[in-house]
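First up is the structure itself, then whatever we jot down about it.
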Amino acid sequence: MPTYEYECRRCGHRFEKFQAMKDRPLQRCPRCRGKIERLPGGGAGILFRGAGFYATDYRSAGYRKAARADKSGESTKAAPAAGSAAKGDTTKSKAG
Ligand SMILES: [Zn+2]
């Protein structure tokens, strides 16, 4: 049996109703007796779409290294990402 979601057009009251398919959709808001509308989708599931769960994977390589070095704090032999800020700006062209 699916769960239907309704929203009141009058007071904005939102609620879910557990109904059988053959049951008729509700018409009235239990709170203000106003007109309600059934929302598409119904229940959970549609809200989770589009979340970026796997978007943080590509940067884990460098991140892990840094985290590890920070944790031990004993041997700082490995040079941390050199050249990021030191990269020169020698591309100054003369305006002709
Ligand atoms: Zn209402």
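The values are calculated or read from the model by the stated rules, or taken from the named source; none is laboratory data. Treat the numbers as computed from the prediction; the structure is a model and nothing was measured. No Cβ is skipped: glycine too gets one built from the backbone with ideal geometry, and neighbour counts run over all protein chains shown.
Structural remarks
- Any hit, the stretch 21-34, residues being modelled with pLDDT under 90 and within 16 Å of the ligand (Cβ to nearest atom): yes
- Scan of the stretch 1-35 for residues that are touching a residue at least 24 places away in the same chain (Cβ under 8 Å) and among the aromatic types (Phe, Trp, Tyr), ordered by number: Tyr4, Tyr6
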